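The values are calculated or read from the model by the stated rules, or taken from the named source; none is laboratory data. In this text, all values refer to a predicted model and were calculated from it rather than measured experimentally. Cβ placement follows ideal geometry from the backbone for every residue including glycine, while neighbour counts extend to all protein chains displayed. To get the accessible areas, we keep the full protein, side chains included, count just its heavy atoms, and leave off ligands, DNA and RNA. Shrake-Rupley method; radii C 1.70, N 1.55, O 1.52, S 1.80 Å.
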Amino acid sequence: ALGLALRAVVKEVEGAAGSAARGMAVFCAPLDEAFAEAKLTLHPPAASCGRCLVSLAPYGAHASRGGDGAGRRWIGRFRTELTPVFWSALAGGLGCDLSLRRVRGGNAHHQLESAFKSFARVFRAALDSVSDPGGGAGVPGCATFGEQGQSEAGAGAAAPP
């Protein structure tokens with residue numbers, strides 16, 4: 001349902017702007033010791049439509065109680081195994097190509113929070129690139145890409161030291 005709602009927003013922005021831009025962006029979000037990267041293409045080629053690559057596990061630096069090294073299974077009342085399911089459903093409903101990657105982080109809560117923050121900022125940057133394809137007025141710290149794939153990268157788009 002969330003993906004479908006976001007798709008409606010994208011269509012509304014495209015209609016207002018009269019744009020058919022791809023809507024591509026990358027954003028890296030730090031949160032305390034955690035750092036996540038999100039890549040989003042709102043209008044990918046048909047073969048990538050609805051694709052979602054999630055590389056966030058293991059959640060937390062400490063091994064789970066089962067000793068399998070999978071990290072935390074729960075963060076409060078949230079089951080961490082549902083994280084890829086959530087993002088895949090969102091990407092499918094939105095019809096986008098989404099990639100979320102944990103760069104670093106030992107606190108499970110911060111890892112997930114950083115991933116959600118990265119998605120929010122990359123979605124905003126992709127919408128900006130659709131609403132003003134030639135303007136490059138995206139979110140500071142984001143890289144937006146035009147139809148020819150030319151980067152207008154900001155400082156936050158680079159990998160951490």
Residue match in segment 101-124 (condition: outside any helix (DSSP H, G or I), open to solvent by less than 60 Å² (accessible area, probe 1.4 Å) and touching a helix residue (DSSP H, G or I) at 6+ places or on another chain (Cβ under 8 Å)): yes
Matching residues in segment 25-55 - criterion: being among the aliphatic types (A, V, I, L, M) and over 19 Å from H109 (Cβ atoms): A25, V26, L40, L42, A46, A47, L53
Subset of segment 83-100 (residues that are under 17 Å from P44 (Cα atoms) and either open to solvent by 60 Å² or more (accessible area, probe 1.4 Å) or in contact (Cβ under 8 Å) with a residue 40 or more places away in the chain (or both)): A89, L90, A91, G92, G93, L94, G95, C96, D97, L98, S99, L100
Some residue of segment 19-30 being surrounded by fewer than 20 Cβ atoms within 10 Å (Cβ to Cβ) and at pLDDT 90 or above: yes
Qualifying position, being at pLDDT 95 or above, touching a Ser or Thr at 6+ places or on another chain (Cβ under 7 Å) and farther than 17 Å from L6 by Cβ, among R101, R72: R101
A1 vs. criteria of a type in the set (A, V, I, L, M) and modelled with pLDDT of 90 or more: no
Filter result (out of contact with any Gly (no Cβ under 8 Å at 6 or more places or on another chain) and at pLDDT below 85) within segment 56-69: R65, G66, G67, D68, G69
Subset tally (residues that are outside any helix (DSSP H, G or I) and modelled with pLDDT under 95) for segment 82-98: 2
Test: residue in segment 119-133 that is under 24 Å from A1 (Cα atoms), at pLDDT 95 or above and not hydrophobic (A, V, I, L, M, F, W, C): yes
